[in-house]
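Heads up: the structure comes next, in structure tokens.
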Amino acid sequence: MRNKGLYIISAALMVILGVSDALRGIFTPLFTSVFGFDMTQVGVIVSASYLGNLICLLFGGMILDKIGRKKAMALFIIALALSELLLLLGSHYAMLVLGFFLALGISTLLNTTINLISDSFSATKSLMLLNALFFLQGIGTSGSQLILSHYSSSLSVWNGVLIAMAVLLIPLAIITMKLKEEKASDKTDSKTSTGSTEKMQTGMIALIALTLGLYLIAEHGITNYIIMYGTSYLQISAAEAGLALSLYSAGLMIGRLVLGTVVDRVGAEKMIFLSLAVATVVAIATFALSILPLLFIVGLAISIVYPTTVSLVRKHAPLSLGARATTIAVSAASILDVIFNAVFGKAIDSFGYGRTMPMLCAALGISAVLMILIIPKGRKQL
């Protein structure tokens, strides 16, 4: 393993990113009961964070390509620390909106930056190490939800968490700047950390972005709507529906740790296809048979799809434009996800959950079919 110091920094950072991403949901009761904002205003905060993702990714890609990934990563960490401190002024609505716009946007940018540098960790196990990092992010998210949800209306805990994250982030930025990156030791290693083409393969990158967008539609659709589907359509208790969602999230976390160990061996494209295909079949069974605990298998199957699909983009772009191509692809996928969610809510109102939720299975299925077109032809992956 190369660049152990950078990997340790990335691991610590992913845990903090997991906590940061969860704050908006955890402390909603604080925003409404203490700060006095209504749910319409909370909805604006959610929309602002999505917008922050898009804008930070678009501008961040240019910064990454211009000043280099290590310097850019340190800069983004400092920016995240400042955005967390800005949220201390959250009793002022404009500051809360701006704070989450920056915090969620920069968090996604850092997430993508770590994906971009993952090739430098190992010549043969980079995808396994990358998925392990995403597992740690899940630990940060679920752990903070488990612990901090007991203090969701506490202003002192809110302030304490924000200050603690800022204090932890600053030394991470300083250490990142001082780290010396190990270079690839031979020509074979060198190829693993560069773009594999001299020209931008726009068509292939667009196909990857579309596949990623359809996947995000399915993943977020299950996360956002499964409890309402269970309680309103299946007439089960909120506790049962919540258990199904927990199993789904557990599958995502466990899969990144377990399935991540075989991605490099099977091949990224082939592994993504197999994951999406299995998830499609099990998701169809879940909704057809109304057996929500099967979502654990769905989560397990799709666990490696997001980080591994994002990593594919730089294979189809020259090294000098790899970061920009990746951030644009993730932005395009996010836009598709946002548009679909706006339409999906209307579809539920018009046609009901029974007819609408299977659209998520269709999104998984189409993404699996598209991945067949991305699998390299005439090259042995096993």
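Working note: Karplus 6.51/-1.76/1.60 with θ = phi - 60° gives the stretch 269-275 the couplings 5, 5, 5, 4, 4, 4, 4 Hz, where Gly and Pro are set to x.
Per residue, the chain exposes an accessible area of 43 Å² to a 1.4 Å probe, with every protein chain left in place. Gain on full extension, evaluated as 0.36 nm per residue between I174 and K66 minus their Cα-Cα distance, stands at 36.9 nm. To the nearest 10, the accessible area of D38 is 80 Å² with a 1.4 Å probe. Label zone (T124, point 7 Å along Cα-to-C-beta; backbone nitrogen cut-off 12 Å) within the stretch 265-296: 265.
Each of K178, K4, K270 has its accessible area taken with a 1.4 Å probe; listed largest first, they run K178, K4, K270. Full extension of the segment from T32 to L243, taken as 0.36 nm per residue of separation minus the current Cα-Cα distance, would add 73.3 nm.
Per-residue ellipticity at 222 nm from helix content only, as computed over the chain with -39500 (n - 2.57) for each DSSP H run of at least four residues, stands at -26500 deg cm²/dmol.
Checking the Cα-Cα distances for K4/K71; K180/K270; K4/K199; K66/K377; K70/K315 against a 25 Å cut-off, the pairs over it are K180/K270; K4/K199; K66/K377.
Can you give me the distance in nm between label points at K4 and I335, each placed 7 Å from the Cα along the Cα-to-Cβ direction? Those two pseudo-labels are separated by 4.4 nm.
The label point for V343 and the one for V44, both projected 7 Å from the Cα toward the Cβ, are 2.8 nm apart. Estimated from the Cβ-Cβ distance and a Förster radius of 25 angstrom, the FRET efficiency linking M228 and A285 is about 0.75.
The values are calculated or read from the model by the stated rules, or taken from the named source; none is laboratory data. Since the structure is predicted, the reported quantities are computational estimates derived from the model, not experimental observations. No Cβ is skipped: glycine too gets one built from the backbone with ideal geometry, and neighbour counts run over all protein chains shown. Ligands, DNA and RNA are stripped out before the accessible areas are found, and what is left, the full protein with its side chains, is counted by its heavy atoms. Shrake-Rupley method; radii C 1.70, N 1.55, O 1.52, S 1.80 Å.
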